[in-house]
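Data first, discussion second: the structure below is written as structure tokens.
The numbers here are math on the coordinates, done by the rules we state, and not lab data. As the structure is a computational prediction, the values presented were derived from the model and not from experiment. Here the Cβ positions follow ideal geometry from the backbone for every residue, glycine too, while neighbour counts run over all protein chains shown.
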Amino acid sequence: MSTDNSGKCPPQFVFELLVAQAARLFLQEHESAEDIVAHLAVDFGELYDIEYLREDMLQGMERILVFIDSVKISDVDLMLLSFIWFTANYESLTIKRKKKTLFGSPLKGKPREPTRVLETAHAFKTYAYAVGSAKAAVKPEDWEPDDEVEFAPVFELLFPKPDEEEEEIKVR
């Protein structure tokens with residue numbers, strides 16, 4: 001881990017993006033939760049201090065998955081992907097995220113918040129209930145993670161492009 005990142009944890013909204021994507025990957029049964037979180041933590045080690053990231057992400061995933069299991073959501077993957085879109089574009093149900101700040105970057109590391117797991121679970125629950133009551137929108141059909149150019153460093157790590165060799169094998 002670089003000393004430049006020491007003590008610089010992801011901002012809350014980036015942490016929420018990480019947890020939601022980890023939950024998506026887990027539900028798609030790619031790998032175990034621990035493997036998914038470890039892989040994401042290593043990838044984000046270039047941007048942030050990842051000392052507590054793994055354990056916090058696992059706890060966040062657990063809280064989100066328990067909530068998902070307790071309610072009826074017809075398309076869980078769509079809900080999680082919509083939450084990622086919403087989190088990248090809105091600060092709250094009614095306030096759009098200011099992506100281009102006057103000074104600095106919204107992706108700049110911050111001190112670790114001890115309540116980030118609870119805040120993530122609360123944000124997901126709030127969003128899910130808001131979607132259920134038609135107070136919040138799901139992601140637009142034409143939205144792709146590549147559309148988030150302001151947050152490209154994060155989205156490129158969350159949604160890596162398949163290698164060209166893998167794509168050739170799939171085409172055959």
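Using only helices, what value at 222 nm comes out for the chain when you add -39,500 (n - 2.57) per DSSP H run of length 4 or more and divide by the total residues, to the nearest 500 deg cm²/dmol?
-17000 deg cm²/dmol
Dipole magnitude for segment 13-172: about 1140 debye, using +1 per Lys or Arg Cβ and -1 per Asp or Glu Cβ, origin at the Cα centre.
Descending by average beta-carbon neighbour count within 10 Å, the peptides 120-132, 8-20 line up as 8-20, 120-132, the highest first. Once the chain from Ala130 to Thr115 is taken as fully extended at 0.36 nm per residue, the excess over their C-alpha distance is 3.2 nm.
Placing pseudo-labels 7 Å out from each Cα toward the beta carbon at Gln28 and Leu93 gives an inter-label distance of 3.0 nm. Here the label points at Ser105 and Val42, each 7 Å from Cα along the C-beta direction, are separated by 2.2 nm in the simple model.
The residue list Phe67, Tyr52, Val131 was ranked by how far each Cα lies along the charge dipole of the chain toward its positive end, using unit charges on Cβ atoms, and Val131 comes out on top. Contact order for the chain, expressed relative to its length and based on alpha carbon pairs under 8 Å spaced 6+ residues apart, stands at 31 percent.
Straight Cα distances below 18 angstrom link Lys125 to the lysines Lys72, Lys135, Lys139, with same-chain residues fewer than 8 positions distant left out.
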